[in-house]
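Notes for the one structure printed next.
The values are calculated or read from the model by the stated rules, or taken from the named source; none is laboratory data. Treat the numbers as computed from the prediction; the structure is a model and nothing was measured. Here the Cβ positions follow ideal geometry from the backbone for every residue, glycine too, while neighbour counts run over all protein chains shown. Each accessible area value is taken on the protein alone, full model and side chains, heavy atoms only, with ligands, DNA and RNA left out. Shrake-Rupley method; radii C 1.70, N 1.55, O 1.52, S 1.80 Å.
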Amino acid sequence: MTANSRQRELRFDPEAIDRKWQDRWAQDGLHHTPPDDPRPKWYELTMYPYPSGDLHIGHWYAMAPSDCHARFRRMQGYNVLHPIGFDAFGLPAENAAISRGIHPQTWTMSNIENMRRQLRSIGAIYDWDKEIVTCAPEYYRWNQWYFLKLYENGLAYQAKGPVVWCPSCQTVLANEQVLNGACERCDAVVTRRDLEQWFFKITDYAERLLDFSGLVDWPDKILTMQTNWIGRSEGVEVSFDISHLGLDDAEIRTFTTRIDTIFGVTFLALAPEHPLVAPLTTDDRRSAVEAYVDRARRTSEIDRLSTETEKTGEFLGSYAVNRLNGERVPIFIGDYTLMSYGTGAVMGVPAHDARDFDFARKYKLPVRMVIAPISWDGSEPSEAFLGDGFMTNSGRYEGMTNEEGMAAIAADVERNGWGRRTVSYRLRDWLISRQRYWGTPIPIVYCQLCGVVPVPEGQLPVLLPEDAEFKPTGESPLAGNENFVNTRCPQCNGPARRETDTMDTFMDSSWYMMRYLSPGYDDGPADPAALDRWLPVDQYTGGAEHAVMHLLYSRFFIKALRDMGLVDFDEPFLRLYNQGVILGEDHEKMSKSRGNVVNPDEVVSHLGADAVRCFLMFIGPWDQGGPWSEVGINGMARWLNRVWDILERDPARLDASLDAPQAAAEREEAVRETQRLLHQTVRKCHNDLDRFKFNTAIAALMEFSNHLNRVWADASVDPATWRECVEKFLLMLAPIAPHVTEELWERTGREYSIHQQPFPTWDEALAAEETITLVVQVNGKVRDRLQVPADIQEDDARELALASPRVKSFTGGKPVDKAVYVPGRLVNLVV
RNA sequence: GCCGGGGUGGCGGAACGGUAGACGCGGCGGACUUAAAAUCCGCUACCUUGACCGGUGUGUGGGUUCGAUUCCCUCCCCCGGCACCA
């Protein structure tokens, strides 16, 4: 059974209903967010899509449930903003230009056109007047403006930074263009090059970014990932003496988190790029060292890091002195030492560091235990010992615990001026330069006389020229555009050249949530009044793949803006929720090569947007994702079909049944039970929608609809009860299935629009059970179930349990040792 | 290797430490139909039984508890992230 063949069996025409109401809502401006609404605001943001061309079912999975949640908040009485836009700059557009000869602008805008249509088909409450497209000059102008602000405040700077280089294509590659260390286009082995590039000083904010106290509700997973990404380590920067060599530098600085192991140092390892490498290399070692440095430089950093655990290096020929014990230790270079972390030099302690141990084994360096575990027999270890123990071979620190030793040595090192306690971070500064065309031009001019000159604010935007050479030439595509490159210096009006790199697109997404508020605003990135009213974002939803790039960059960005006095909040997104990944029917990740990609358009036109929305929310917990199912969605369409059937029934027909010879007491009981289930369902649905538990909210609604079918078949409730039930049922379903509910709301004579009604409320008293099933266990095993009043007391419950004949047969007349009573649930008899 | 998240019927999944399998899909049986589809009704973890009863069951092995899918420890798989950070 395919979606296609099921469609003609539905009681209604979903395509017509979708179109009818989407048009009507648009016409009435139902989703406009009024600027002066007195209700409390709720800013619910879903991560904007990249306009790749087609709205994938994965987009639906991200957007339909978040729309449902935003709608729910609106029915709860909030003034809700739930905007959408496009993350329109980036590499795929440029690749399309290269491979198919289409201009990135053309490609991007036609994709956006198509995706707008598809996004409308979801039936979300997007206010299209607030749409943003980041490749528009009105948008990226403010990227440039912010860049200048960061530059003025010393947070943007220029430095050499590594890029991945394809020697065959003669071009810079993005990391995602490298497959197994080779260029994805020509398969040549990539190398690394250092280019002068722009950075943002996110490292200045490392400490503040570790403070999550300003966040209300973020998944622990993301906080952990950010914490690990920032990678804070407390340690000691300690230097080794090389004054005997008579160089400009009298010492080598190293960073360690294990100063307690300094008596175990048997070598030093410098990064190949370390400035002291050349001066420290002796003549007899020079050719070998230079060859090693050269090899390391040609290997890309990515490659270098992904190589197995084998440690390589070269002896420089010189020695340094460990000031704590006066020992001479050989100085090596090794590419397991990274220039970009700590001081670019490490003290090698083979006995207490796994990497140093490997290195020492390979180069036959001594391994000296200086932290002894209690069980240590004095022999050389077969692997590095990383645990705690007692100081040994450690001079005056002998016998201390290594924790005491750590404190004592650190203090002595500081007192002697050999180093200082410090903190290192793994986090690197944010490299924003891209040697690409399709991005925001960096607003900088290079003047022969004045040097680096920022473009004055009044001259923004620096427009991205339309013509550029996309074919690989060895430099940024903009560099070949003479009209763009050649300009006048804003300071001296002399000849100057423009910066030809463009910005990382994470720049666009760092502040886009502010632009939505006033997308046409011309005097700044956002209207200050709107900013004041709407930010920070109350609820952000999107994929966990943005845990450490986008989300960290945006947090940094906002903190930096706050320090500059440009905003007055500290965190951009108060709450975060990550949806899972929608899989193909084969339970595999969707991909073109697997052929398991689902095109939502076809399903939507056959079964309707609501069936797709409902099904995506019903698959399972939203944060866990799950497999698409062609038959599964048919089941959902069938349920909506039954809902339609329920709403088509005329409640007046229940009046006729009053004449039936049915006991009045029985009918009264059915009404009471129906009321109870209604109130329980409202409670469950409310609480589940509130916490993104869409699957169980829908299950509760299904149970309620099943109940309605039963009482209709029995004609056991009165028309008024029926009317109340179906009305509240529709209201609960409205945020989940907006089109069908609006249609049924109208067809049953109710006033437009269902989406402007409040979400139903419940009464705890009416939701409370009158009787419960009392479970009776014997030694923890269920032996009987008794229907008892909900307010039964412990003594009565115990008595009833003991009186049960089934229970008696299991206790075998033995005396009961103990009876555990759980109010409202069970009695457990222990014999 | 390290850090997260998972492992429950044929499938997706439900279950404040307290009736395991809600809800849905699929399957089986029935009603309606000339017939099929759709629709409606019933059954559907496994073993045993004609049926009740009973027994076994939430990746593995242990532990805590009157009671464990849930908490703790061991191990095995799957998914995601990081990956020589001194």
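Return the residues of the stretch A:624-636 that are touching a residue at least 60 places away in the same chain (Cβ under 8 Å) and within 8 Å of RNA strand B (Cβ to nearest atom); say none if nothing qualifies.
Within the stretch A:624-636, A:GLY625, A:VAL631, A:ASN634 meet the criteria.
Residue-by-condition table, conditions (1) open to solvent by 20 Å² or more (accessible area, probe 1.4 Å); (2) in a helix (DSSP H, G or I); (3) within 11 Å of RNA strand B (Cβ to nearest atom):
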position: A:SER554; (1), (2), (3): no, yes, no
position: A:ALA560; (1), (2), (3): no, yes, no
position: A:VAL567; (1), (2), (3): no, no, no
position: A:TYR577; (1), (2), (3): yes, no, no
position: A:ASP601; (1), (2), (3): yes, yes, no
position: A:ALA611; (1), (2), (3): no, yes, no
position: A:LEU640; (1), (2), (3): no, yes, yes
position: A:ASP650; (1), (2), (3): yes, no, no
position: A:ASP655; (1), (2), (3): yes, yes, no
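Starting from the stretch A:332-360, take each residue that is touching a residue at least 40 places away in the same chain (Cβ under 8 Å) and assigned to a helix (DSSP H, G or I) and list its partners that are polar (S, T, N, Q) and near RNA strand B (Cβ under 8 Å from one of its atoms), counting only C-beta distances under 9 angstrom and pairs at least six apart or across chains.
The qualifying pairs are A:ARG355/A:THR309; A:ASP358/A:THR309; A:PHE359/A:THR312.
Please work out which residue is farthest from A:TRP60 (Cα to Cα), limiting yourself to the stretch A:86-128 and to residues that are open to solvent by 40 Å² or more (accessible area, probe 1.4 Å) and among the charged types (D, E, K, R).
Filtering the stretch A:86-128 for residues that are open to solvent by 40 Å² or more (accessible area, probe 1.4 Å) and among the charged types (D, E, K, R), the one farthest from A:TRP60 (Cα to Cα) comes out as A:ARG100.
Being more than 16 Å from RNA strand B (Cβ to nearest atom) and in a helix (DSSP H, G or I) is the filter; apply it to the stretch A:708-721 and report the residue that is most open to solvent (accessible area, probe 1.4 Å).
Ranking the qualifying residues of the stretch A:708-721, first place goes to A:ALA720.
Condition check: in contact with a Pro (Cβ under 6 Å, 6 or more places away or on another chain), of a type in the set (A, V, I, L, M) and in a strand (DSSP E or B). Does A:VAL453 satisfy that?
So A:VAL453 fits the description; yes.
Given the stretch A:246-324, what helices (runs of 4 or more DSSP H) lie entirely inside it while holding 3 or more residues that are at pLDDT below 95?
Per the criteria, A:286-298, A:301-306.
Taking only pairs six or more apart or across chains, which ones have beta-carbon atoms under 7 Å, a first residue in the stretch A:422-449 that is within 16 Å of A:LEU464 (Cβ to Cβ), and a second residue that is hydroxyl-bearing (Ser, Thr, Tyr) and part of a loop (DSSP other than H, G, I, E, B)?
A:GLN435/A:SER476; A:ARG436/A:SER476; A:GLY439/A:THR505
Please count how many residues of the stretch A:510-525 are among the small types (Gly, Ala, Ser) and open to solvent by less than 10 Å² (accessible area, probe 1.4 Å).
Count: 2.
Among A:LYS149, A:LYS201, which is the only one that is within 25 Å of A:LEU464 (Cβ to Cβ) and touching a residue at least 60 places away in the same chain (Cβ under 8 Å)?
A:LYS149 is the lone residue from the list that is within 25 Å of A:LEU464 (Cβ to Cβ) and touching a residue at least 60 places away in the same chain (Cβ under 8 Å).
Just to check your reading of the model, which residue among A:GLN787, A:GLN756 is modelled with pLDDT of 95 or more and surrounded by fewer than 13 Cβ atoms within 10 Å (Cβ to Cβ)?
A:GLN756
For the stretch A:343-371, give me each residue that is over 23 Å from A:GLU404 (Cα atoms), surrounded by fewer than 24 Cβ atoms within 10 Å (Cβ to Cβ) and charged (D, E, K, R).
Correct list: A:ARG355, A:ASP358, A:ARG361, A:LYS362, A:LYS364.
Which residue, of A:SER233, A:SER239, is closer than 30 Å to A:LEU551 by Cβ, assigned to a strand (DSSP E or B) and among the hydroxyl-bearing types (Ser, Thr, Tyr)?
A:SER233
Just a yes or no: is a residue in the stretch A:514-521 in a helix (DSSP H, G or I) and within 22 Å of the chain's Cα centre (by Cα)?
yes
Report every pair of residues separated by at least 6 positions or lying on different chains whose Cβ atoms are under 6 Å apart, first residue within the stretch A:804-831 and without any contact (Cβ under 8 Å) to a residue 24 or more places away in the chain and exposed (fewer than 12 other Cβ atoms within 10 Å of the Cβ), second of a type in the set (A, V, I, L, M) and part of a loop (DSSP other than H, G, I, E, B).
Correct list of pairs: A:LYS814/A:VAL831.
Of all the residues that make up the stretch A:579-595, how many are open to solvent by less than 20 Å² (accessible area, probe 1.4 Å) and part of a loop (DSSP other than H, G, I, E, B)?
Looking only at that region, the number is 2.
Just to check your reading of the model, which residue among A:VAL455, A:VAL445, A:VAL462, A:VAL423 is within 30 Å of A:ASN493 (Cβ to Cβ) and within 33 Å of the chain's Cα centre (by Cα)?
One residue alone meets the criteria, A:VAL462.
Tell me, yes or no, whether the stretch A:329-342 has at least one residue that is away from RNA strand B (no atom under 14 Å from the Cβ) and touching a helix residue (DSSP H, G or I) at 6+ places or on another chain (Cβ under 7 Å).
Yes - at least one qualifying residue is present in the stretch A:329-342.
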